Amino acid sequence: MSTGFRPTEADRRLIERLRSPGESTSELIRRGLRSLAREEERRRAYEDMVRIAESGENPADEPDEWEYTADGRIRVVGTDTTVNARQEEGR
């Protein structure tokens, strides 16, 4: 896919100001799109947080869907599926 882009003078100044050394305009636009996508994800997460808070729902009150076995493995509740617990660095 190819997309045409005809920057205005203000766009050109913004591109020059935001472009990293050695970065092409295409790379800058890609970086900008990724930043915009992250911002959209944050906005949606915030809206979800507000919705949950306003509903009175408390996810911490939900029972865990996993538990530790006697030998320290993690088991998915209601199944025989277990995995090794990941060791923290330095332990």
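The values are calculated or read from the model by the stated rules, or taken from the named source; none is laboratory data. Note that the coordinates shown come from a computational prediction; the quantities given were computed from them, not determined experimentally. Note that each Cβ is placed from the backbone with ideal geometry, even for glycine, and that neighbours are counted across all protein chains shown. To get the accessible areas, we keep the full protein, side chains included, count just its heavy atoms, and leave off ligands, DNA and RNA. Shrake-Rupley method; radii C 1.70, N 1.55, O 1.52, S 1.80 Å.
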Hey, does the stretch 59-72 have a residue that's of a type in the set (Asp, Glu) and in contact (Cβ under 8 Å) with a residue 12 or more places away in the chain?
yes
Using the structure shown, decide if residue 53 is open to solvent by less than 100 Å² (accessible area, probe 1.4 Å) and assigned to a helix (DSSP H, G or I).
yes
Out of 31, 12, I need the residue that is surrounded by 10 or more Cβ atoms within 10 Å (Cβ to Cβ), under 25 Å from the mean Cα position of the chain (by Cα) and assigned to a helix (DSSP H, G or I). Which one?
31
Hey, among 73, 6, which residue is more than 23 Å from the chain's Cα centre (by Cα) and surrounded by 10 or more Cβ atoms within 10 Å (Cβ to Cβ)?
73
